[in-house]
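A.B. asks: Right, I'll just put the structure down here and ask away after.
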Amino acid sequence: MAKTATMSERLGPQPGERIDREQPVGITFEGRQYRGFRGDTLSTALWASGVRVLGRSFKYHRPRGIFSLCGLDCNALAENRDSTNLRMDTTLIEPGLEARAVNTWGGVQSDLYRFTELFSRFLPVGFYYKAFHRPRGLFPFYERRMRRIAGLGNIHPNRPLQSTPKNYDFCDLLVVGSGPAGLSAAIAAAELGLKVLLVEEDRLPGGTLGFQLSGQPETGTLLEELLGKAAALPNLEIRTGTTAAGCYADRWVALFDSRRLTKLRARGLVVAAGCYDQPAVFRNNDLPGVMLASAAQRLIHQYAVRPFRQAVVLAANTDGYRAAVDLQRAGVEVALVSDLRPQGEASGWREEVAGLRIPIRRGTAVYEALAAPGKRAIRGALLCPLDEGGDPLPDRSESIPCDGIAMSVGWAPADGILRQAGARMGYHEALQQYVPDRLPAGIFAAGRVNGVYALGDRLEDGRRAGRQAAAYLGKAGSEAPAEPPRRGEAFSHPYPVVPHPRGKNFVDLDEDIQLDDIRHSLQEGFDSAELLKRYSTLGMGPSQGKHSNLNGSRILARLKGESLASTGLTTARPFTSPVPLSHLAGRIFSPQRRTPIHARHRQLGACFMVAGSWLRPEYYLVPGADRRATIQAEAEAVRGRVGVVDVGTLGKLEICGPDAVAFIERMYTGRFAKLKEGRSRYLLMCDESGMMVDDGVAARLAPDRFYVTTTSGASDGVAREMTRWALTWSLKVMVLNLTGAYGAMNLAGPRSLEILQPLTDIDLAPDAFPYLGVREGRVAGAPARVLRVGFVGEWGYEIHVPADAAVAVWDRILQAGRGAGIRPFGVEAQRLLRLEKGHLIMGQDSDGLSYPSEAGMDWAVKGDKPFFLGQRSLSILKTRPLKRRLVGFAFPETYGGPVPRECELVIHGNEIAGRVTSAAFSPTLKQVIGMAYVQPELSAPGTPVPIRTGGCRLVTAHVVELPFYDPGNLRQKERPA
Amino acid sequence: MKVMRCPVNGWRPIQEFSYGGAFRPMPQPGECSNRQWADYVFHRSGAAAVKKEWWCHLASGVWFIAERNTSTDEILETYLHGEDGHHE
């Protein structure tokens, strides 16, 4: 068995450590066994065992180690059996974890892909845009190669589908960040009575109190006191391990934790998210051992791991001096502090450092980290004094042996949420930092993101923001100063960038972008922050530029001779940090509607089709018969015997009230004032421009009550528009949408009367219940509205019953019709039957520019009424020549070619002269028939119309008079006496 | 995701609402010129401004008027048709 490495770099117990020394945890990394403690992350467990190479970089496959230790180490990604791209710096270890670094060839220690670095001279920024275009056929090859080399982890396609719940939540005030400012803001607001939610990305609260300011005399027991106060407030909730990753309109904030997405609606928002520690740019600033001072402090205070044995601290602020003291106290030999600033440190921390006998070099930069063999660690730092202009003087450089460099040269505000919320950031010259310039109403900032650094000031600024938010939300007695307590001292260096003739001074570690890459992008003309980002991919890696955007902007500004204020930043977009797709994927909230009889259709073998939001039977499968034959047999059953079709998808509205007639007269083109009770009439609706938008039937149930049907897709929209017009016209009318409350079926065919009569108390005798009559009564025991209609061109009854009775009625009808050979029929047979009758389907035989005269529907338009929707426009259209006409066409009976499809073109001469809207083989007429819009000169019956169908064949049909079948309507209504 | 105040149901998420177009008084169809009518039917101004719009709360079917600044997408006021806004 392989020997487990010892935790050689583990320190003695630290006051705020997150590890449980009682619980050792064994893990395997790259095939070797290691031990850590519960509470360790992959990175810290390995670092404690002396492992330095945790991953390989994206492009050049350079060794990389711990850099930020706060979830931004995007070169230390691991994969295991289930997951990939695990961030080792925040992924907690568990017993039995077996992980390896992503995207290596032969392991992370001696990744063979590292040889790409030898060609780095030939892989300048944007090389893939330029180099791999020709020959074009080879691009897929190059692409595959590049994707393999320059990629991240492998996706496991066999991973089981994971669905995560979504949570909805509300609060008065959301506070982002649990450092001193965030905690004091949340406490201040909660003390004023607000319902406050505080979210913290880290798994424990405290922010910098947990590492940077840990164990300092000035902090003492501050964190415990703040958390105690917070715990005593029942209206203050703290959620750790929760990232506010997106801010949308009206303070809708996306919160992510390890399990799910929470959609939070906050009435107010305080952002106290702090800052991201920023690296310095010098040669080999990426190698294992070079890290942010805050990462070194996290290692010491949170994980009790010694970051290095011998360190150089590169500082440009007080925080660097604090780090030097922390390191020395943790047993690291701090060789010296190299301060970029010529004036050095003014605070008492300079004496603290000097008191530990750590030499301080002012106006000095790290010029290069000296690489150990294989670049798997560093063996020293090459220091170099800076001249008055801040440029390095390499002649006077000096080599200091060390295995670690801790950098503290500046901070970038964690302002993603602020900027998404609409805050405008401005560059503060004294602080050398972006700070919120203008905040939208209800959005507040506090702490370091607001440019406030001293601990006391941060507490005060938090209190100020919390009280301001309370005042905004209407809490009396919560006055607070408007201005944050900012001081003049800069915690960020204006240009922590040191050029080196041999390069490898990285600006963006995620994407391996070097200082020269930015220079080259600029030379090629990509000279704005947004263009630079897109061309060089600066800031486009997994950490989204949290360590590179600010230095990138500083470099861009310097190269262009501008101020940072004018260079600006790239747009901040959601999400601020990557989110698992499983958290985002979810149910789609667009329900599919089913009629009440759906289950019966399934039992009858229906093939379903999607019709708008509905699922409808297209036809009923018969074993051994093909689709076309089945549809034709269904149609023949209706023509010869009897069939029944579910028309429950029709819109069903009840329109009632004293002004019901006046209202319908205004909404529809026809005339209804004289429609008698118990009678129904066809309805056509136009919009204000006169275009046909819907049709149906109006049945008058009482003088002030109509039952109206609409087309299947339009019910909701029509009902909604009706309500609005009723409001606009101030009419006393009520529109009830009963579409879902009623089921409906159409019983059609010569034997429909004899089947229905025994099931109903309504007298179906033709003289008692004539064509277009409507009767209320009972059908199969259910209260029913029965309409005599002729949509499919046969004697028929449309039976509307309450939805919960529909199945029973359907069953009884099928049972009663068994002897007569009843057959359920689907949408396709219905379409065929109505085509034979020349009846339009709105939206199929009409489009957004069809008006009644074009479709031969003038009979349904009564232009001499006082008003209806579209009337004025139609009167204008009447004065213009028609541009097209809807006609019927038929192919000769001998035609055996393909049936034209919708939208196939009618050709006249060499020009497009129209288009097909519907076509089918009619079993009744034994020929292919259809309808088409054609130019008016082609509309006379008998005119040949060539149709381009089935690819490029031209076949000639002839215009025929509509309808194709039963022009006298003799089959659907009683014969005239 | 925005929220909007329905004059009947109070603050609701924007997905519960449907936009119903600009609020435009109809000219007298019998009296206006063809040009005036065509202007009413076809022409809409896309210029950013505070606009009066029809909105419908879908779940309850309530139509109302919203005054919205289309350059900032800020909803200034909502009220039922016939009840004037506060700053008319």
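A.B. asks: Does any residue in segment B:59-70 that is within 11 Å of chain A (Cβ to nearest Cβ) and surrounded by 14 or more Cβ atoms within 10 Å (Cβ to Cβ) come within less than 6 Å, Cβ to Cβ, of a residue that is among the basic types (Lys, Arg) and not in a strand (DSSP E or B) six or more places away or on a different chain, and which pairs are these?
C.D. replies: Here the result reads B:Trp63/A:Arg724, each pair linking segment B:59-70 to a residue that is among the basic types (Lys, Arg) and not in a strand (DSSP E or B).
Quick grid of which residues meet (1) touching a Ser or Thr at 6+ places or on another chain (Cβ under 6 Å); (2) within 23 Å of A:Pro494 (Cβ to Cβ); (3) assigned by TED's automatic domain parsing to the domain that holds A:Ala324; (4) surrounded by fewer than 18 Cβ atoms within 10 Å (Cβ to Cβ):
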| residue | (1), (2), (3), (4) |
| --- | --- |
| A:Pro373 | no, no, yes, yes |
| A:Ala377 | no, no, yes, no |
| A:Cys384 | yes, yes, yes, no |
| A:Gly389 | no, yes, yes, yes |
| A:Glu398 | no, no, yes, yes |
| A:Pro401 | no, no, yes, yes |
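A.B. asks: Of all residues in segment A:706-719, how many are within 14 Å of chain B (Cβ to nearest Cβ) and either of a type in the set (Phe, Trp, Tyr) or out of contact with any strand residue (DSSP E or B) (no Cβ under 6 Å at 6 or more places or on another chain) (or both)?
C.D. replies: Looking only at that region, the number is 2.
A.B. asks: Here's another thing I want to ask about it. Are any residues in segment A:735-756 away from chain B (no Cβ under 14 Å) and β-branched (Val, Ile, Thr), and if so, which ones?
C.D. replies: Matches in segment A:735-756: A:Ile755 only.
A.B. asks: Would it be correct to say that A:Val622 is closer than 28 Å to A:Gly817 by Cβ, modelled with pLDDT under 95 and either assigned to a strand (DSSP E or B) or β-branched (Val, Ile, Thr) (or both)? Full working, then the answer.
C.D. replies: Numbers: closer than 28 Å to A:Gly817 by Cβ: yes; modelled with pLDDT under 95: yes; either assigned to a strand (DSSP E or B) or β-branched (Val, Ile, Thr) (or both): yes.
In short, yes.
A.B. asks: Might you check whether a residue that is in a loop (DSSP other than H, G, I, E, B) and not polar (S, T, N, Q) occurs anywhere in segment A:694-713? Walk me through it before giving the result.
C.D. replies: From segment A:694-713, those in a loop (DSSP other than H, G, I, E, B) are A:703-704, A:711; that's our starting set.
Retained after the next criterion (residues that are not polar (S, T, N, Q)): A:703-704.
Yes, segment A:694-713 contains a residue that is in a loop (DSSP other than H, G, I, E, B) and not polar (S, T, N, Q).
A.B. asks: Also, quick follow-up: A:Ile655 versus (1) crowded, with 19+ Cβ neighbours inside 10 Å; (2) in the same structural domain as A:Gly749 (by TED's automatic domain parsing): which is the lone unmet condition?
C.D. replies: If we test A:Ile655 against (1) crowded, with 19+ Cβ neighbours inside 10 Å; (2) in the same structural domain as A:Gly749 (by TED's automatic domain parsing), just (2) comes out false.
A.B. asks: Quick check on my filter: what residues within segment A:704-732 are over 24 Å from A:Asp847 (Cβ atoms) and in contact with a helix residue (DSSP H, G or I) (Cβ under 8 Å, 6 or more places away or on another chain)?
C.D. replies: Correct list: A:Asp704, A:Arg705, A:Phe706, A:Ala726, A:Trp729, A:Leu731.
A.B. asks: Those residues that are in contact (Cβ under 8 Å) with a residue 40 or more places away in the chain, farther than 20 Å from A:Tyr276 by Cβ and in a helix (DSSP H, G or I), I need them from segment A:394-432; list them, please.
C.D. replies: Once the filter is applied, which keeps residues that are in contact (Cβ under 8 Å) with a residue 40 or more places away in the chain, farther than 20 Å from A:Tyr276 by Cβ and in a helix (DSSP H, G or I), segment A:394-432 yields nothing.
A.B. asks: List pairs: first in segment A:159-174 and modelled with pLDDT of 90 or more, second assigned to a strand (DSSP E or B) and among the charged types (D, E, K, R), Cβ under 6 Å, 6+ apart or cross-chain?
C.D. replies: Here the result reads A:Tyr168/A:Lys263; A:Phe170/A:Arg265; A:Asp172/A:Arg267, each pair linking segment A:159-174 to a residue that is assigned to a strand (DSSP E or B) and among the charged types (D, E, K, R).
A.B. asks: In addition: With respect to the numbered conditions (1) surrounded by 14 or more Cβ atoms within 10 Å (Cβ to Cβ); (2) more than 13 Å from chain A (Cβ to nearest Cβ); (3) without any contact (Cβ under 8 Å) to a residue 12 or more places away in the chain, which one is the sole condition not fulfilled by B:Glu74?
C.D. replies: The single condition B:Glu74 does not satisfy is (2).
A.B. asks: Among the candidates A:Asp646, A:Asp694, single out the residue that is closer than 18 Å to A:Ala611 by Cβ and in the same structural domain as A:Arg775 (by TED's automatic domain parsing). Give the steps one after another, and end with the answer.
C.D. replies: On the way: A:Asp694 fails: in the same structural domain as A:Arg775 (by TED's automatic domain parsing).
Answer to the selection: A:Asp646.
A.B. asks: Would you kindly identify the strands (runs of 3 or more DSSP E) lying entirely within segment A:259-330 that contain at least 3 residues that are within 14 Å of chain B (Cβ to nearest Cβ) and closer than 26 Å to A:Ala465 by Cα? Walk me through how you get there before you give the answer.
C.D. replies: Numbers: elements: A:261-271, A:275-277, A:290-292, A:310-315.
Hits in segment A:259-330: A:261-271.
A.B. asks: I've got another one for you. Which of the residues that make up segment A:172-231 are on the phi > 0 side of the Ramachandran plot and either assigned to a helix (DSSP H, G or I) or β-branched (Val, Ile, Thr) (or both)?
C.D. replies: Residue satisfying the conditions is A:Gly207 alone.
A.B. asks: Given the residues A:Gly896, A:Gly843, A:Gly817, which is the only one that is at pLDDT below 95 and touching a helix residue (DSSP H, G or I) at 6+ places or on another chain (Cβ under 9 Å)?
C.D. replies: So the residue among A:Gly896, A:Gly843, A:Gly817 that is at pLDDT below 95 and touching a helix residue (DSSP H, G or I) at 6+ places or on another chain (Cβ under 9 Å) is A:Gly843.
A.B. asks: Having 1 or more residues that are more than 10 Å from chain A (Cβ to nearest Cβ) and free of Cβ contacts under 8 Å to residues at least 40 places away in the same chain is the bar; report the strands (runs of 3 or more DSSP E) wholly within segment B:1-57 that clear it.
C.D. replies: B:10-13, B:17-22, B:50-57
A.B. asks: Now for a separate question. Please return the ranges of helices (runs of 4 or more DSSP H) entirely within segment A:561-613 where 1 or more residues are surrounded by 11 or more Cβ atoms within 10 Å (Cβ to Cβ) and at pLDDT 95 or above.
C.D. replies: On the way: elements: A:564-567, A:581-584, A:598-603.
Passing ranges, in order: A:598-603.
A.B. asks: Quick test for you: out of A:Arg705, A:Arg681, A:Arg666, A:Arg671, pick the one residue that is in contact (Cβ under 8 Å) with a residue 60 or more places away in the chain, in contact with an Asp or Glu (Cβ under 8 Å, 6 or more places away or on another chain) and farther than 30 Å from A:Leu814 by Cβ. Walk me through it before giving the result.
C.D. replies: Details: A:Arg705 fails: in contact (Cβ under 8 Å) with a residue 60 or more places away in the chain; A:Arg681 fails: in contact with an Asp or Glu (Cβ under 8 Å, 6 or more places away or on another chain); A:Arg666 fails: in contact with an Asp or Glu (Cβ under 8 Å, 6 or more places away or on another chain).
Going through A:Arg705, A:Arg681, A:Arg666, A:Arg671 in turn, the sole match is A:Arg671.
A.B. asks: Part of a helix (DSSP H, G or I), closer than 23 Å to A:Ala806 by Cβ and at pLDDT 95 or above: does that describe A:Glu654?
C.D. replies: no
A.B. asks: To continue, here is another question. Looking at A:Tyr142, is it hydroxyl-bearing (Ser, Thr, Tyr) and in a strand (DSSP E or B)?
C.D. replies: Judged against the criteria, A:Tyr142 is not a match.
A.B. asks: Do you know which residues across segment A:344-384 are polar (S, T, N, Q) and touching an Asp or Glu at 6+ places or on another chain (Cβ under 8 Å)?
C.D. replies: Scanning segment A:344-384 gives a single hit, A:Thr364.
A.B. asks: Output the number of the condition that A:Met540 fails; it satisfies all remaining conditions of (1) under 20 Å from A:Pro496 (Cβ atoms); (2) touching a residue at least 24 places away in the same chain (Cβ under 8 Å); (3) not in a helix (DSSP H, G or I).
C.D. replies: Status for A:Met540: all satisfied but (1).
A.B. asks: Across segment A:884-918, what is the number of residues that are within 14 Å of A:Thr943 (Cα to Cα), within 45 Å of the chain's Cα centre (by Cα) and of a type in the set (Gly, Ala, Ser)?
C.D. replies: 2
A.B. asks: Provide a single number: the residues in segment A:481-521 that are of a type in the set (A, V, I, L, M), within 20 Å of A:Ala272 (Cα to Cα) and surrounded by 17 or more Cβ atoms within 10 Å (Cβ to Cβ).
C.D. replies: 1
A.B. asks: Please verify whether segment A:454-471 includes one or more residues that are in contact with a Cys (Cβ under 9 Å, 6 or more places away or on another chain) and part of a helix (DSSP H, G or I).
C.D. replies: Here is the first cut: in segment A:454-471, the residues in contact with a Cys (Cβ under 9 Å, 6 or more places away or on another chain) are none.
No: segment A:454-471 contains no residue that is in contact with a Cys (Cβ under 9 Å, 6 or more places away or on another chain) and part of a helix (DSSP H, G or I).
A.B. asks: Further, regarding this structure: Can you tell me which residues in segment A:765-782 are in a loop (DSSP other than H, G, I, E, B), touching a residue at least 24 places away in the same chain (Cβ under 8 Å) and farther than 16 Å from A:Arg679 by Cβ?
C.D. replies: Pass one, segment A:765-782, residues in a loop (DSSP other than H, G, I, E, B): A:765-772, A:780-781.
Adding the requirement that they be touching a residue at least 24 places away in the same chain (Cβ under 8 Å) leaves A:766-767, A:770-772, A:780-781.
Matches in segment A:765-782: A:Ala780, A:Gly781.
The values are calculated or read from the model by the stated rules, or taken from the named source; none is laboratory data. Note that the structure is predicted; figures quoted are calculated from it, not measured. All Cβ positions, glycine included, derive from the backbone under ideal geometry; neighbour counts span all protein chains shown.
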